[in-house]
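To start, the structure itself, in structure tokens.
The values are calculated or read from the model by the stated rules, or taken from the named source; none is laboratory data. All of these numbers come straight from a predicted model, not from anything done at the bench. A quick note on method: Cβ atoms are made from the backbone with ideal geometry, for glycine too, and the neighbour counts reach across all protein chains shown.
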């Protein structure tokens, strides 16, 4: 039975999510991805985070795999297998660095033993595992068939027979000054136990044993190599068999298992990351027809990861759009969580398109094809365009590339021009967004956009009414009243009634 991938439901050509990588930085997705891939740098699975899926079947396929991996016992089984495959990969690299052929061959045999043990252990575990996902069920069938194949049976038989022969080798080393002799064992007295007993008092019981046998680079010096060479001459048939084994089975590793280990680390590392954040994650319901959206308790994953080190509370928000609503217009006090709110929504949509659990307790989403962002940036002195012109160029490119299935996130645009011009330009952009019928989150100081038409809803960042210096970071559906700005400015410039009267009385 064929098994092609643990990532894709079928053989398919994947597409890059967007021609621009700006949104990765704007949404702090680059922070999230870099942290996740740091858990297993040896596996090159970075690319999988940059290829979101454009069909619900494959997203569902991945979600089912993630649900199987949420079983802690099964997670450990797969994680242990991946570690063994990683050790095999290290064996391969280490063997390439050895200059002594006999030593290479002995390591090659050990690598084959690790490979066989890894597959045998995984096969036994999978046969008893309660699996539901199509991906793991297909892989289990593939593994079963592979281990019943003549190819594997021959490898198994040759490896175990050769190891048995090598284990039967016993030889003596006689050391005389700077010279030594190697000969077959002929019943001489074994002094190894006596020597061990003499040096037992020097043992250090508190030394921590390393888990990996690759923490230190192993090698062989010229003396050990010479001893091995003499032993090979004493047992020529066995070492000839070792040479033949290495030649016949030089490509014994089935690349399917290496690919599986690399791809499944995409899931394992993500689960490892979100387990550090003690908040609810969910598998979103995704539709390519129903454009209504509902997200409960959504939060910014990048910010949440940083906050756990500061022991601070994670603020969660809801996102609700009915069947006709498409655009969230967010206004309110500065530093009130508006940008974080928009970032979180972008992250949730992006992660859902990877088939991963999203940072929310509940989520119902539409299948987004592209995400575009326009966040405020500092003016680059070497740019030949003005700040306003640069904004217009970027927004024009976004609107030209966007489709009715896209998501646009705009954050405080047109701050470099007059209010009159900003309102005029914003309304023109809004008309195009409405015409395309796409999704949009727009953080703006222009409150006239909040009730543009039936496709827009107004959201406001709340402040603590008892202390306007405090931000709640909660974003709620509400009409803007301008009080947030007014109170903030009054506080900033000390313009409340008491402060003004005090100044006048001086």
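Brief remarks on what is shown
- Residue selection: residue 426 satisfies the criterion of being free of Cβ contacts under 8 Å to residues at least 24 places away in the same chain, surrounded by 14 or more Cβ atoms within 10 Å (Cβ to Cβ) and farther than 22 Å from residue 368 by Cα.
- Residue 126 being buried (at least 16 other Cβ atoms within 10 Å of the Cβ), under 22 Å from residue 249 (Cα atoms) and at pLDDT 95 or above: no
- Within the stretch 307-324, the presence of a residue that is in contact with a helix residue (DSSP H, G or I) (Cβ under 6 Å, 6 or more places away or on another chain) and under 20 Å from residue 50 (Cα atoms) is excluded.
- Scanning the stretch 403-413 for residues that are within 27 Å of the chain's Cα centre (by Cα), modelled with pLDDT of 95 or more and either surrounded by fewer than 21 Cβ atoms within 10 Å (Cβ to Cβ) or assigned to a loop (DSSP other than H, G, I, E, B) (or both) yields a total of 2.
- Number of residues in the stretch 88-106 that are in a helix (DSSP H, G or I) and crowded, with 16+ Cβ neighbours inside 10 Å: the value is 10.
- Of the strands (runs of 3 or more DSSP E) that lie entirely inside the stretch 262-350, those containing 2 or more residues that are crowded, with 21+ Cβ neighbours inside 10 Å and on the phi < 0 side of the Ramachandran plot span 293-298, 317-321, 327-332.
- Verdict on residue 416 being without any contact (Cβ under 8 Å) to a residue 24 or more places away in the chain, over 30 Å from residue 286 (Cα atoms), in contact with a helix residue (DSSP H, G or I) (Cβ under 7 Å, 6 or more places away or on another chain) and surrounded by 14 or more Cβ atoms within 10 Å (Cβ to Cβ): no
- Within the set 479, 397, 431, 447, the sole residue that is modelled with pLDDT under 90, surrounded by fewer than 17 Cβ atoms within 10 Å (Cβ to Cβ) and out of contact with any helix residue (DSSP H, G or I) (no Cβ under 8 Å at 6 or more places or on another chain) turns out to be 479.
- Members of the stretch 63-79 found to be assigned to a helix (DSSP H, G or I) and touching a helix residue (DSSP H, G or I) at 6+ places or on another chain (Cβ under 8 Å), listed by number: 64, 65, 66, 68, 69, 74, 75, 77, 78, 79
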